[in-house]
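Below is one structure; the comments refer to it alone.
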Amino acid sequence: MSGSLTVSAASSLQGAFTDMKTAFEKANRGVKVTVNFGASSTLAQQIIDGAPIDVLASADEANMTKVSDAKLLSDTPTLFATNSLEIIVRKGNPSKIASLSDISKPRLIYVTCAPQVPIGKYSAQVLQKAGVTVTPASLEPDVKSIVAKVTAGEADVGIVYVTDVSATQGTAEGVEIPADVNVTANYPIAAVSTSTNRALAQAWIAFVRGTEGQAILKRYGFGSP
């Protein structure tokens with residue numbers, strides 16, 4: 001197998017898909033994989049606008065549906081991973097955040113993403129379930145930007161994926177969100193109909209959903225679909 005492949009993937013997949021790119025290229029010596037990471041909403045819009053993408057891996061089903069509705073998928077999306085949410089706080093938790101209700105404390109800087117970005121939508125759902133009202137200090141472009149702001153001390157708190165907290169490797173900390181108010185994020189993957197390398201796109205999807213790909217995802221804290 002040879003050729004080049006361009007994959008657009010939700011920013012929360014950065015660690016896992018970077019490892020998968022290395023493993024996939026090693027197993028297929030003639031293949032070059034490029035992975036674009038960003039908010040699923042941005043990636044979906046780029047495909048709709050004609051960007052030359054072979055595969056889309058989204059952090060939610062809504063943005064994948066937008067691409068499907070635009071008749072730009074060559075097959076039915078399949079789920080390949082799940083994730084859940086966690087509160088992210090600065091190292092040492094100086095703001096003493098112990099629960100979702102603490103996020104609404106006065107003078108705390110809470111950052112999130114716009115509702116069309118999966119983490120923004122999921123965070124709003126969690127806060128609504130918990131009966132917490134909070135006005136964000138800013139709307140970040142994607143989940144990694146929330147992590148960066150909290151880690152750098154530019155924000156006190158955010159809500160991100162469990163996998164994002166573990167990816168900080170201790171430079172930030174997580175506070176658990178109870179299961180009864182948490183949400184499960186479903187991650188679908190599909191080949192884009194305008195792909196110029198359909199066979200390679202299908203091979204990548206098979207790899208992600210196969211034993212090796214699933215082991216990498218598990219290592220990064222993702223759940224099975």
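The values are calculated or read from the model by the stated rules, or taken from the named source; none is laboratory data. Note that the coordinates shown come from a computational prediction; the quantities given were computed from them, not determined experimentally. Cβ coordinates were reconstructed from backbone atoms using ideal geometry, including for glycine residues, and neighbour counts include every protein chain displayed. Keep in mind that these areas ignore ligands, DNA and RNA; they rest on the heavy atoms of the full protein, side chains included. Shrake-Rupley method; radii C 1.70, N 1.55, O 1.52, S 1.80 Å.
Here the convex hull built on the C-alpha positions of the chain has a volume of 111 cubic angstrom per residue. Distance between the C-alpha centres of the range 155-179 and the range 111-148: 13 Å, rounded to the whole angstrom. On a per residue basis, the convex hull of the C-alpha atoms belonging to the range 60-130 measures out at 123 Å³. Taking trypsin sites (Lys or Arg not before Pro) in DSSP loop states with no more than 10 other Cβ atoms inside 10 Å as exposed sites, the chain has its longest site-free stretch at 108-225.
Charged side chains reduced to their Cβ positions (Lys and Arg at +1, Asp and Glu at -1) give the chain a dipole of some 280 debye around its Cα centre.
Computing FRET efficiency as 1/(1 + (r/R0)^6) for A215 and A124, where r is the C-beta to C-beta distance and R0 is 41 Å, gives about 0.80.
Among the listed pairs K66/K91; K105/K218; K26/K149; K26/K121; K66/K149; K91/K218, those whose Cα-Cα separation exceeds 31 Å are K66/K91; K105/K218; K26/K149; K26/K121. Where q = 0.18, 0.22 Å⁻¹, what log10 of I(q)/I(0) comes from the Debye formula for the range 83-176, counting one point per Cα? With no solvent term, the Cα-only Debye profile gives -0.68, -1.08. Each helix, a run of at least 4 DSSP H residues, gives -39500 (n - 2.57); summed and divided by the residues of the chain, these come to -10500 deg cm²/dmol at 222 nm. Model label sites at S193 and T18, defined 7 Å from Cα along the beta-carbon direction, differ in position by 3.5 nm.
Please report, as a whole percent, how much of the solvent-accessible surface of the chain comes from carbon and sulfur atoms (probe radius 1.4 Å).
Looking at the chain in its full context, I get 51 percent from C and S.
Rounded to the nearest 20, the size of the Cβ-charge dipole of the range 49-115 about its Cα centre is 660 debye, with Lys and Arg at +1 and Asp and Glu at -1. In the full protein context, the chain carries 44 Å² of accessible surface per residue, based on a 1.4 Å probe and ignoring ligands, DNA and RNA. Here the label points at S4 and R29, each 7 Å from Cα along the C-beta direction, are separated by 2.1 nm in the simple model. Label positions at E61 and K105, each projected 7 Å from the Cα along the C-beta direction, are separated by 3.8 nm. Of the options I97, V35, P188, report the single residue whose Cα projects farthest towards the positive end of the charge dipole of the chain (beta-carbon charges: Lys, Arg +1; Asp, Glu -1). In the chain, that residue is V35. Dipole size of the range 87-152 about its Cα centre, with +1 on Lys/Arg Cβ and -1 on Asp/Glu Cβ: approximately 200 debye, rounded to the nearest 20. Among DSSP beta bridges lying fully in the chain, give the percent that are antiparallel, nearest 5. Among the beta bridges of the chain, antiparallel pairing accounts for roughly 55 percent.
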